[in-house]
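In what follows, a structure is listed as structure tokens, so that the remarks can point back to it.
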Amino acid sequence: GTTALGNAFSGIAIVDWGVVNDGPTGALVSNNTVSANGQYGIWIDGLTSQRNFVLGNRVGTSVDGVSSRGNGSVGIYISGGSSNTVGGLANGEGNTIRGNFSNGVLISGAAAVGNKVLGNSISGNLGPAISLDFTVGTSVLGNSIDSGAYTAISLSNSANAVIGSASAGNIVQNA
């Protein structure tokens, strides 16, 4: 159908789920359309939410990825989890994040250590495309960002962030 039918809170929530210590991976969230939810499109929350992968999703868009069907707040929100990956640099791993009513991607909390935002297409959100608040060691590489009137990448009280590299810089336009 073409009618946006969201949930009252989050489309997908991973709360205190993942692999602690030396396990291989947590949850894989892949190839979904997550739109028109009351708060967050995809929410990863909690100290033990580790090593989860969010790959190849359409967040805040229609099924075809063209029309905006924004979530009520943040597109993808990691609050406190560590070593999570949003997108990837290989073909098809990046997410399309568009039209959300706040940030495209928000990572926050002192326990948010070593997360990655890689190879995503982020545009048309009503807040910064990517916002890092009180994080440590977050990598932001290979993203295509059209931020319009908002900040492309925002850092607030974050340490040791890697924003772009010689082999995987971010493309920022309309900032």
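The values are calculated or read from the model by the stated rules, or taken from the named source; none is laboratory data. All values reported here derive from a predicted model rather than from experimental measurement. Don't worry about glycine lacking a Cβ; one is built from the backbone with ideal geometry, like all the others, and counts go over all protein chains shown. Areas reflect the complete protein model, heavy atoms only, side chains present, ligands, DNA and RNA absent. Shrake-Rupley method; radii C 1.70, N 1.55, O 1.52, S 1.80 Å.
Carbon-plus-sulfur accessible fraction, the chain (probe radius 1.4 Å, protein heavy atoms only): 52%. Near Val172, the amide H atoms lying under 5 Å from its own belong to Ile145; only residues 5 or more places off or on other chains count, and H is placed 1.01 Å from N.
Quick check on segment 77-152: take the gyration tensor over C-alpha atoms, sort the square-rooted eigenvalues as a ≥ b ≥ c, and tell me if it's rounded (a/c under 1.5), prolate or oblate. The shape class here is oblate. Solvent-accessible surface of the chain, taken per residue with a 1.4 Å probe and all protein chains present: 43 Å².
A P(r) calculated from all alpha carbon pairs of segment 124-175, with 10 Å bins opening at zero, reads 27, 51, 22 percent.
Give, as ranges by residue number, the residues of segment 23-45 whose backbone N falls under 15 Å from the point 7 Å along Cα→Cβ of Phe9. Answer for segment 23-45: 37-45. Estimated at the nearest 10 Å², the accessible area of Val74 is 0 Å² with a 1.4 Å probe. Computed over segment 21-175, relative contact order equals 17 percent, with contacts defined as Cα pairs under 8 Å that lie 6+ residues apart. Considering only the Cα atoms of the chain, their convex hull presents on average a projected area of 9.2 nm².
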